[in-house]
Structures are given as structure tokens and as C-alpha cells.
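The values are calculated or read from the model by the stated rules, or taken from the named source; none is laboratory data. Since the model is a prediction, treat every value here as computed from it, not as a measurement. For neighbour counting, all protein chains shown are included, and Cβ atoms are generated from backbone atoms with ideal geometry for every residue, glycine included. For accessibility, only protein heavy atoms count, side chains too; no ligands or nucleic acids. Shrake-Rupley method; radii C 1.70, N 1.55, O 1.52, S 1.80 Å.
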Amino acid sequence: METANAMIRLLRLLLPIFALVAVPAHAERIKDLGTFQGVRPNQLTGYGIVVGLAGTGDDSIQYATEGMKGVVSRFGLTLPSNVNPALKNAAAVLVTADLPAFAKPGQRLDVTVSALGKAKSLRGGTLIMTPLRGADNEIYGMAQGNLAVGGLGVTGADGSQVSVNVPSAGRIPGGATVERAVATGFDTAPTLTFNLAEADLTTALRVADGINKMFGDRRARATDAVSVSIDATPGAEDRILMMGMIENIEVAPADAPAKVIVNARTGTVVINGAVKIHPAAVAHGKLTVSVNESPRIVQPAPFSQGQTALEPSSAISIDQEKKPMINFKGGASLADIVKAVNAIGASPADMVAILEALKQAGAMKAELVVL
């Protein structure tokens with residue numbers, strides 16, 4: 001009896017060590033597999049005017065003129081309705097930015113500025129104060145600043161042009177200020193929801209199981225192939241602590257399904273390691289038919305009153321390149337497929353034809369995706 005009790009105590013001491021050793025080598029953190037629902041960036045967009053351009057603006061575009069009238073009206077100036085200024089040094093632009101989750105008023109955002117009209121270049125321009133609105137049409141930020149343009153455009157007197165990159169778009173690092181925070185509601189909802197980046201039932205079950213093992217209860221459950229619902233007590237502090245712990249839990253995601261990706265336009269073929277080939281034989285060769293036209297000039301006999309004629313002459317040749325037949329044994333792996341295809345000298349376009357034929361023959365049990 002004492003020996004049995006000693007063995008039990010020894011097993012209890014070794015179980016934590018075994019748990020550490022059993023962590024799979026390909027385990028990934030939960031934070032790398034998806035995101036919490038509601039904790040995401042929001043897109044902001046604004047319409048503004050860039051000034052200070054060296055004659056590369058929109059000239060007399062109507063919406064640029066209207067935008068400039070709106071800008072000067074902020075300072076108590078009113079342009080007459082019959083005046084249409086030639087705004088060669090200004091351009092109408094769209095301003096875009098991403099508002100991160102939990103962004104607070106006063107924080108800075110990077111913005112991208114893109115020409116809307118006929119402006120040739122935004123180099124050297126300055127964005128005038130522009131409100132940034134969300135999908136609900138509310139203002140969440142204000143943008144202003146000098147543009148950093150990586151492109152260059154030059155036009156000659158004879159109409160020749162040289163462009164490097166895209167001079168009609170630029171960025172303003174830290175060019176926007178957050179004016180309003182977005183309410184996520186993560187601290188008041190009865191549950192938290194973790195959404196996987198790629199839908200997979202097995203991975204969702206493993207994420208829920210990893211969370212339950214970490215906290216020693218059954219607070220997490222997979223609701224579908226994407227979402228894992230987690231019970232949580234109210235309060236931002238407790239939830240932030242729990243979310244931080246969950247993000248660093250390591251789980252082994254499920255193996256990807258067998259899939260072959262074919263880009264017919266570029267000839268690119270990608271085969272993942274889960275693809276297996278059932279017993280099959282493949283023979284692939286090329287048949288080249290050449291037609292060579294060599295017309296001959298035929299002269300009439302002397303004193304025959306005939307005419308010179310052109311007599312057609314065609315030479316047809318057929319060249320068939322012979323390739324050995326490749327026999328795939330049952331359960332052939334990705335390495336076997338690549339080795340066999342290289343052995344028969346198949347090009348990417350030929351490989352597409354071979355894979356499609358294997359799929360139709362039922363020898364390749366994988367999803368074939370043609371882009």
C-alpha cells in the first residue's frame with residue numbers, strides 16, 4: 001500500500017513536467033490565430049484641399065474650386081459666384097486613415113492623401129485642415145500637414161512624360177489627431193467572442209479547450225467554425241487581464257485541408273503538404289506540327305507564249321517529343337509529385353493540365369482552386 005501511495009505522489013509531481021514536454025512544436029499563440037470581436041480598427045475618410053503645389057494642381061476643376069471656397073469661407077472670405085479662380089497650385093484630395101481599437105482623443109494617426117482630379121503631382125503640397133468621418137458620418141479625427149510624396153513626374157514641352165512611382169498620392173506621418181473614441185462595448189457585454197482568421201471547426205475546438213485548461217473551468221465554448229464564446233465578468237480591468245492571458249495561450253491549429261492553387265494567368269502552381277495522390281500513371285508529351293511554305297517560280301518554255309507562274313510548295317513536319325510515363329504509388333506526397341513532374345520536364349502550364357487530369361480521374365483528393 002505504501003508503495004502504491006508513493007507511486008501516486010511521484011506521478012503527481014511529474015504530471016506538470018509531462019504537460020510542459022507535451023506542448024506541440026508547431027503550437028501558435030491564440031493572438032496569432034484571430035481577434036476579439038469589436039477590438040478592430042475603423043476606416044476614416046475625408047475630403048480636403050492640398051495647397052502649395054508648383055503648378056501641378058487641378059486648374060479649373062469645379063469641385064476643387066468649390067472646396068477652396070469652403071476653405072476660405074472659414075476665415076470670413078466670400079468669393080463672388082461669377083469668379084472661377086484657376087487653382088493650378090491647389091488640388092482636391094481624398095484623405096484616408098485607420099482608427100485603431102481603443103484609440104483615445106489626442107493620439108496621432110498616419111493618413112494617406114490621394115488626388116481626386118487632374119492633379120499631376122502632390123509633391124510639396126500642404127493639406128488644409130480636413131475632418132475625417134467614419135461609416136456613421138460622425139467626425140472622429142482632424143487631418144492637416146505637409147505631404148511626403150515618393151513619386152516624381154516630369155513633363156516636357158513636346159508632350160513627353162517621365163513618371164517614377166505615383167506622384168499623385170502621398171502620406172502624412174502623424175498627420176491626424178483623434179477627436180473621438182469608438183465605444184467597443186467589450187467591458188459590458190456578458191460574453192467575449194474570439195473570431196478565427198480562418199474558419200476551421202477543429203481549431204475552434206482546440207482554442208476553446210486551451211482557454212478552459214488555462215482557467216480550470218468551462219467558460220469557453222466553440223459556437224461555430226469561426227467564433228469562440230467566452231464568459232466574462234463585467235469590468236474593463238478584469239477583462240483586459242483575461243484577454244491578455246488568453247492571447248498568449250499556445251494551441252496547435254488544425255492542419256490545412258488538401259488544396260492546390262493554380263493561377264492560370266501566370267502559370268503559378270502552389271501545392272500544400274496535405275495533398276496526396278492515389279495510384280495513377282501520368283504520361284505527358286508535346287506534339288509540334290510545322291508547315292513550311294517555299295513557293296517556286298515556274299518559267300514557260302521558249303517561244304510558247306506562256307506566262308511566268310508561282311507554284312506553291314509546302315513541307316509539313318511532325319515532331320512529337322516523347323516523355324516517360326510516371327507511376328504514382330498510393331499516398332504519394334508533395335515531394336513525390338514535384339519530383340515526378342520535374343522528371344518529365346513539365347512547365348507550369350503543363351503542370352496545370354496534369355493536376356486537372358488527376359483531379360478528374362479521382363486520383364487527387366484535394367480542392368483545386370483556379371485563380
Given labels modelled 7 Å from the Cα in the Cβ direction, how far is it in nm from Ala135 to Thr233?
-> 3.4
With a Cα-only, solvent-free Debye model of the range 188-239, what are the log10 I(q)/I(0) values at q = 0.17, 0.29, 0.32 Å⁻¹?
-> -0.49, -1.08, -1.18
For Asp32, Asp217, what's the largest-to-smallest order of accessible area, 1.4 Å probe?
-> Asp32, Asp217
Give me the net charge of Lys259's neighbourhood, meaning all other residues with Cβ under 15 Å from the Cβ of Lys259; Lys, Arg count +1, Asp, Glu -1.
-> -2
For the range 160-272, what class follows from the C-alpha gyration tensor (a ≥ b ≥ c being the square roots of its eigenvalues): rounded when a/c is under 1.5, otherwise prolate if a/b is larger than b/c, else oblate?
-> oblate
Quickly rank 190-196, 244-250 as a protection proxy: mean count of other C-beta atoms within 10 Å, highest first.
-> 190-196, 244-250
Once fully extended, how much extra length lies between Ile240 and Ile261, figured as 0.36 nm per residue of separation less the alpha-carbon to alpha-carbon distance?
-> 3.6 nm
